[in-house]
Each structure stands twice: as C-alpha cells, then as structure tokens.
Amino acid sequence: MADWPVPSLGDKTPLEAANKPRMDFMASQGALGMVQVVPKEMYPGSDVSNLSIIGYDPREVYTGRSPLEAASMGVELRQDDVAFRCNVVCLRNAGADTEMEDYSAGHITTPEAAELLEALQKQVDDRGCGICEGSAIPSLVDPAGKGTGDSGVRFYPGVSYRHLMVWPGGNDAVRTTPPHDIHGKKITEFLPKGESAEFLLELMEISREIFPDHPVNRKRVEAGKPSGNSIWLWGQGKAPRMQTFREKYGLSGSVVAAVDLIRGIGVYAGLKLVTVPGATGYIDTNFRGKAEYALRELESKDFVLIHVEAPDEAGHNGSAPDKVRAIERIDEEMVAPILDRARNGGDLTVLLLPDHPTPVAIRTHSQEPVPFAFYPAPPGLSSFPGKRYTEADAKATGQFLDAGTRLIGYLLAGRNA
Ligand SMILES: [Zn+2]
C-alpha cells in the first residue's frame, strides 16, 4: 500500500487518495507510526519482510526464496539439499548475444511446463556421468575421482513458469540473478557465477538443447507464443532453521495467504495454512473471504497473519487507480469486519501495515519505512488522535520502530493488557 506522491492523483499517495475510514479510525484511535520492516542491507522482498513482521530476524533465518516455495509446494528439504527456483524462460539469439526475452515464457501453461521438465529430468538422469565425471563438485564425484553416475538432481513442476529444482549436496553460495530483473538484457554477465556454477550452467545448457524442438514449443511457436526454450536457476538456499511460532511465543497461529513465499514461511513457523476459495493474489481476489476465514481461525488460534497481494500487484503494474481501489476494498471488505470484532468482541489486537512499499513510479519494491497502525493502542505506544493512516501522518507522529521484529512484541503485549 505504501507509496510516493503520484502526479495523476494530484500529488497524493494512494493511501492519501483512497477513501478508507476504518484504516483512518485505527490510526486516529489506536497507535500510528513508522517502521523499518526490512533490514537496510537486505532486499525488501515479501519473504524477508513477513519473517520480520512475525518476529523472526531475517538476517538470522532467511536462506533464500526457493526453500520457502519448496515448503509451500509440500517438498521437504533434507539438511544438505539446496533448493533453486527454476523458471521456464524464453531466450532469444545465441552465443554471446543471447538475451532474456521473457522470464515467464509468455506465462507458459502448467501442463506445458510439466512436459518440458519431465523431458529435462530424463535427459539429466540419462547423462548422469556425463555431467558428473571430472566435475569439480565433490558431491558428484566418488572417492576414486569418477562420476557417481547420478547427480541426484530433481525437478518439481509448480505452476506456470515457476518450478523447483532440488540439488542434494549442492552449493548454495553460487551467485544467481532473478530473470525478471534482466528483461531484454544479454544474459552472459548474469549467468550463475562462483563455485559450482559450471554444474548449473550445464543443466541450463541441456534444457537449451532439448526444449526448442520439443513438441510443446513447436506448437507454441506455431501459435505465435514465446517458446519456453530454457530453464533459469536462481533464488537458491537450504532449508531455514527456525523455531516454530509456538516454540518462540507459546502461541498457536494460522496464515491466510495466496502467495507461495508467505505460505512457506507459515510451514517453517509451524502455522496452519488456510486456503480461501477465490484467493488469487490479484485485484480480483476474494477480500471478504480472506477476512471471514481469518476470523474463523481466531476461534481456535491465538494469532493469524493475513497477507494481501493486490496493492503490490497494482504497484508492479504501475497503476495508481488499481492501487487506490485495492486499498478501498481492503478497508471495506477486510478491515471493517476485523475491526468490528476488535471493537465489539474485545480480546483482539489488530496490526495493519504494508510489508514494503511498491511505488507505482518505479514499479518495484523500495526499502524505506512503512506506516503501521495498531488497534487498540498496545502498552508502550502512543496515540495521536486526529491522524489518518497515511505515510505523512505516520511520519509526523515521530513514533518510529527501527526494526520490524519489534512489532510482534507490541501486538502480544496488547493481548495481556
Ligand atoms: Zn511485489
């Protein structure tokens, strides 16, 4: 939700332009301030910021996005497994001129991508020694210096262009680049670098040998669609080692989210994952359903995290009107029933905040602090009657939390007040 002043909104931010009386009520009657959710040295992704919001210091527990996505797909990682995000992408040109044409291969369909990955898995298994022999990667070579015959690599098909590769005994220190950051650029300088990069390059090379002529892609090209002619590996990491929410706070909880990363955090934190019909992660999501399901969880759980992707998506699309509309729908369809429970049922403290700004001007995430609002105001935070839930009003309070991990303490303190 957080943003910068937008010229087409009369130099207001979307939060200033939106009609959102319940959020403003929380700001005015509860506690309002600013919080630096993401540590300054880290990329402000939803994974890092949501860990921080539920009290886990991302500098200590965050290992990469792919292990979180693996958890959300139900793939359990062993201690020495390294998970990689495996995109099916469209590259154009060849050799040193190869460019990233489309990080999603035209949002290739799930069945098409699954067929490609199956073919790739077969090739990789068949070649076994071809990859491993003479390899500099210890896990692929037996003590006699010969290939072990099986790299152990497994591809798991996900949704559309988003898939998973698990490399047992792999190296997670290799440097990789998200393909959506290099649209239209030559890929050479963004290929995996560092120790054991050669193995990843070899896997990508195999995909480039067999994908372009695969029947799936011949049909796509005939239909004028981008060819899913390569994989792209990135976002790697080992399974994070985290205490569960119950171990940390002695409390039970649930997660209501459509996004894989947030659901993966829920798995590692031992939170129950709730699936809401019609929750899409886009502007057409079932806002009202998310609030209803969350309130139902609170009948048996102490805590619930609700994540709504729609304002972020509007930011990525550069659409200020969509962002304003998403904020208004959240206010009317989600904050209203939840606030109603807090005001009439007692025994409930609500914390409202964006996980990071996604300014429509830059269409990507930014690093700066975001406004938060608690209702009712928890012990230790001040109220500022008359303020609205906007970036400027929150800043004007002078109430500033320098770490997102401090939020949960106030939320839980409110519970005992
Ligand atoms: Zn985003």
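The values are calculated or read from the model by the stated rules, or taken from the named source; none is laboratory data. What you are looking at is a predicted structure, and each value in this text was computed from that prediction instead of being measured. Neighbour counts run over all protein chains shown; Cβ positions are idealised from the backbone, glycine included.
Remark: residue 295 falls outside the filter, which requires a residue to be closer than 24 Å to residue 412 by Cβ, modelled with pLDDT of 95 or more, within 16 Å of the ligand (Cβ to nearest atom) and under 25 Å from the mean Cα position of the chain (by Cα). Filtering the range 351-393 to residues that are outside any loop (DSSP other than H, G, I, E, B) and within 15 Å of the ligand (Cβ to nearest atom) leaves only 370. Scan the range 265-278 for residues that are within 21 Å of residue 311 (Cα to Cα) and out of contact with any strand residue (DSSP E or B) (no Cβ under 8 Å at 6 or more places or on another chain) and the total you get is 3. On inspection, residue 66 does not qualify as part of a helix (DSSP H, G or I) and either farther than 30 Å from residue 161 by Cβ or among the β-branched types (Val, Ile, Thr) (or both).
Considering every residue within the range 338-348, establish whether at least one is crowded, with 17+ Cβ neighbours inside 10 Å, part of a helix (DSSP H, G or I) and within 16 Å of the ligand (Cβ to nearest atom). The answer is no, given that none of the residues of the range 338-348 is crowded, with 17+ Cβ neighbours inside 10 Å, part of a helix (DSSP H, G or I) and within 16 Å of the ligand (Cβ to nearest atom).
Only one entry in 285, 275 is within 16 Å of the ligand (Cβ to nearest atom), polar (S, T, N, Q) and over 20 Å from residue 67 (Cβ atoms), namely 285. Among the criteria (1) surrounded by fewer than 15 Cβ atoms within 10 Å (Cβ to Cβ); (2) under 24 Å from residue 78 (Cβ atoms), the one residue 275 does not fulfil is (2).
Okay, residues lined up against (1) part of a strand (DSSP E or B); (2) surrounded by fewer than 16 Cβ atoms within 10 Å (Cβ to Cβ):
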{"site": "15", "(1), (2)": "no, no"}
{"site": "26", "(1), (2)": "no, no"}
{"site": "32", "(1), (2)": "yes, no"}
{"site": "40", "(1), (2)": "no, yes"}
{"site": "74", "(1), (2)": "no, yes"}
{"site": "91", "(1), (2)": "yes, no"}
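How many residues are surrounded by fewer than 20 Cβ atoms within 10 Å (Cβ to Cβ) and within 13 Å of the ligand (Cβ to nearest atom) when one looks only at the range 298-331? Residues meeting the conditions: 4. Please go through the range 211-231 and give me each residue that is touching a strand residue (DSSP E or B) at 6+ places or on another chain (Cβ under 7 Å) and part of a loop (DSSP other than H, G, I, E, B), ordered by number. 211, 226, 227, 228, 229 - these are the residues of the range 211-231 that are touching a strand residue (DSSP E or B) at 6+ places or on another chain (Cβ under 7 Å) and part of a loop (DSSP other than H, G, I, E, B).
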